[in-house]
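**Q** Let me begin by handing over the structure; questions about it come next.
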Amino acid sequence: MPTVAGGLEGVVFTETGVCFIDGTVGHLLYRGYDIQDVAEHLSFEEVAYLLWLGKLPNRQELETLHGQFAAERDIPSIAYDVIDALPPNTVPMDGLRTVVSFLSGTDPELDDNSADANYRKAVRLTAKAPTIMAAVHRRHFGLDPVIPQPTGSLAYNFLYMLSGQEPDEFVAQTLDVALTLHAEHGMNASTFAGRVTVATLADMYAGVTSAIGALKGPLHGGANAVVLKMLQEIGDPDHARDYVNNVISGDYVVPGMAPRRVPGFGHRVYKAFDPRAIVLRGMSKKLGERAGDSRWVDISNAVVEACAAAGLNEKGIYPNVDFFSASSYYTMGIPESLFTPVFAIARMTGWTAHIIEQQSDNRLIRPRADYIGEKGLKVVPIDQR
Ligand SMILES: CC(C)(COP(=O)(O)OP(=O)(O)OC[C@H]1O[C@@H](n2cnc3c(N)ncnc32)[C@H](O)[C@@H]1OP(=O)(O)O)[C@@H](O)C(=O)NCCC(=O)NCCS
C-alpha cells in the first residue's frame, strides 16, 4: 500500500542547487549565500543573476543585466489593450496572471526551452512584471499607465510607475531589500506548481502562469494582505491579545483566512522564526520611525507576543515572511491590493530559476493518489437511475 503524505509534506521529488532551508533553526541560503548576507549586501538585480546563473555577477555582468532589464521593461501596446479590456472587478493578481499568459504569444522564443532562451525569457518576465502590475493598478483607478524609465532599479521603477512621481530613495532601497527577501524559497507551492507545469515540457510562460495562480491564495502569498486586514481590525496594540485568543479558539475567523489561523504565522518548513521575518521586522520598525507612525509595527509586535503567550511558539509556529511585510508595505505607501503582486514580482526570479533547473534535467512530475472510492459498480441505464 502506498504511504499517503498529506500535502506532500516531507516528500523530496528532485535535487536542487537553487535554495537550501533548514527550518528547525531558521536557516535560508540562496545558492549557498546566507539570506542575512544577501539582504545586507546584494541588490535585487544581483540576486536575480545569482538565482538564474548560480554565481554573483561582476560589475560588467551586472551592468549588462541592468541594460537587459531596461530594454525589456516596457510591454507591447497590445498588452496595454488587454489591461484596458480586463473586467473592472479583476484583482491585480489576476491581471498579472492574465497578461503574463497573454504575453506568451509575443515571445519569439516561446517554444525554445534551452537554458539560454529560458534565461532570456526569465529576464523578460521579471522586467515586465512591475510594468504590468503598475498599469493594472492605475487602470483600475482610470489612470493612464506610466511608461518605465530606462534607468534605475526594478524597485525604483515599480514605485515610479505606480505614482508617476520620482520615489523616495529610502523607500525604493527598502523595497529592493523586500524583493530580495521574497525572491526565492525552495519548493513552495507556487514554485512546485511552476515546475509541475514545465515538467510536461510546456513553456516558461505556462509555468509562471501556474505559479502566479498558486501564489494568490491566502495560505501562500495572499497572506500578507490578510495580515494587514487583521492589523487594521486590531487597531491598537492593547487589543492584540484578546483578538489573537479569539482567533486561536475559533470564536473569530480573520476575514479571508482559514479558521483558527493567525495570518502571517506558521510555515510548512520553518519551526523557528523565519529569518526573512527578522529582517522585515527591522525594516518595518525603521519605516515606522521614519514616517513618524509606529502604530502598525507596534500592533504587529503585540500580535507576536500574544501568539507566544497563547503557546504557538511551543508548536513551532512563528511569524513568516508575510507577517512583517504587511506593516512594511503599508508604511511604504504600497496599496494593500498590491501586497501579493509585489511578492509575485520578486518571486518571478525564483520561479524562473527553478523552471530553468527543471528543464535542464527534466522528468515528468506525476505523483499518485490512494484510491478510497468504490469498485465494481455497474452502469445503470439513465432511465433507471
Ligand atoms: C502556512 C501554513 C498553510 C502551513 O500549513 P501546514 O504545514 O499544513 O500546517 P498544519 O495545517 O498541518 O498546522 C500544524 C498545526 O499548527 C497550527 N497552525 C498552523 N498555522 C497556524 C497559524 N497561522 N495560526 C494558528 N495555528 C496554526 C495548526 O492549527 C495545527 O495545529 P494542530 O496540530 O493542533 O491541529 C499554515 O501555517 C497557515 O495556514 N498559516 C497562515 C497563513 C500564512 O501565513 N501563510 C503564509 C505562509 S508563508
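**Q** Only one of Ile372, Ile345, Ile365, Ile355 is more than 21 Å from Ala223 (Cα to Cα) and in the same structural domain as Asp116 (by TED's automatic domain parsing). Can you tell me which?
**A** None of the others qualify; the one that does is Ile355.
**Q** Against the condition aliphatic (A, V, I, L, M), surrounded by fewer than 23 Cβ atoms within 10 Å (Cβ to Cβ) and in contact with a helix residue (DSSP H, G or I) (Cβ under 9 Å, 6 or more places away or on another chain), how does Leu312 come out, does it pass?
**A** Against the criterion (aliphatic (A, V, I, L, M), surrounded by fewer than 23 Cβ atoms within 10 Å (Cβ to Cβ) and in contact with a helix residue (DSSP H, G or I) (Cβ under 9 Å, 6 or more places away or on another chain)), Leu312 qualifies.
**Q** Let me ask something else about it. Do you know which of the residues in the stretch 104-138 that are assigned to a loop (DSSP other than H, G, I, E, B) and touching an Asp or Glu at 6+ places or on another chain (Cβ under 7 Å) is surrounded by the most Cβ atoms within 10 Å (Cβ to Cβ)?
**A** Asn113
**Q** From the set of residues in the stretch 23-45 that are touching a residue at least 12 places away in the same chain (Cβ under 8 Å) and in a helix (DSSP H, G or I), which is farthest from Ile317 (Cα to Cα)?
**A** Glu45
**Q** Looking at the stretch 5-44, which of its residues are loosely packed, with under 11 Cβ neighbours inside 10 Å and at positive phi?
**A** Those that are loosely packed, with under 11 Cβ neighbours inside 10 Å and at positive phi: Gly7, Gly10.
**Q** While we're looking at this one, here's another question. Does Leu8 meet the test of being away from the ligand (no atom under 16 Å from the Cβ), farther than 30 Å from Asp144 by Cβ and not assigned by TED's automatic domain parsing to the domain that holds Ser153?
**A** When the stated conditions are applied, Leu8 does not pass them.
**Q** Another question about this same structure. Pairs, please: C-beta under 9 Å, at least 6 apart or cross-chain, first residue among the charged types (D, E, K, R) and in the stretch 81-98, second assigned to a loop (DSSP other than H, G, I, E, B)?
**A** From the stretch 81-98, the pairs are Asp94/Leu86; Asp94/Lys216; Arg97/Lys216.
**Q** Given (1) assigned by TED's automatic domain parsing to the domain that holds Ser327; (2) charged (D, E, K, R); (3) more than 13 Å from the ligand (Cβ to nearest atom), identify the lone condition not met by Lys229.
**A** Among (1) assigned by TED's automatic domain parsing to the domain that holds Ser327; (2) charged (D, E, K, R); (3) more than 13 Å from the ligand (Cβ to nearest atom), Lys229 violates only (3).
**Q** Whether any residue in the stretch 41-51 is more than 17 Å from Ala346 (Cβ to Cβ), of a type in the set (D, E, K, R) and not assigned by TED's automatic domain parsing to the domain that holds Val171 is what I want to check.
**A** No, that holds for no residue.
**Q** Quick one: which helices (runs of 4 or more DSSP H) lie wholly within the stretch 246-355 and hold at least 1 residues that are near the ligand (Cβ under 9 Å from one of its atoms) and within 14 Å of the chain's Cα centre (by Cα)? Please lay out each step first, then the result.
**A** Numbers: elements: 275-291, 295-309, 321-332.
Correct list: 321-332.
**Q** Between residues in the stretch 159-188 that are aromatic (Phe, Trp, Tyr) and residues that are part of a helix (DSSP H, G or I) and surrounded by fewer than 17 Cβ atoms within 10 Å (Cβ to Cβ), which pairs lie under 8 Å by C-beta distance while being six or more apart or on different chains?
**A** Within 8 Å, the pairs are Phe170/Arg290.
**Q** Follow-up. Being under 30 Å from Asp361 (Cβ atoms) and either more than 15 Å from the ligand (Cβ to nearest atom) or touching a helix residue (DSSP H, G or I) at 6+ places or on another chain (Cβ under 7 Å) (or both) is true for just one of Thr180, Thr174. Which residue is that? Walk me through how you get there before you give the answer.
**A** Working: Thr174 fails: under 30 Å from Asp361 (Cβ atoms).
Just one listed residue meets the conditions, Thr180.
**Q** Scan the stretch 46-95 for residues that are in a loop (DSSP other than H, G, I, E, B) and not charged (D, E, K, R) and jot them down.
**A** Gly54, Leu56, Pro57, Asn58, Ile75, Pro76, Leu86, Pro87, Pro88, Asn89, Thr90, Val91
**Q** For the stretch 249-267, give me the residue count where each residue is surrounded by 17 or more Cβ atoms within 10 Å (Cβ to Cβ) and in contact with a helix residue (DSSP H, G or I) (Cβ under 8 Å, 6 or more places away or on another chain).
**A** Adding up the residues that qualify gives 7.
**Q** Follow-up question, since we're still on this one. Would you please name the residue that is surrounded by the fewest Cβ atoms within 10 Å (Cβ to Cβ), looking only at residues in the stretch 196-218 that are within 16 Å of the ligand (Cβ to nearest atom) and free of Cβ contacts under 8 Å to residues at least 40 places away in the same chain?
**A** Gly217
The values are calculated or read from the model by the stated rules, or taken from the named source; none is laboratory data. As the structure is a prediction and not an experimental result, all values here were calculated from the model. In this analysis, Cβ positions are derived from the backbone assuming ideal geometry, glycine residues included, and neighbour counts consider all displayed protein chains.
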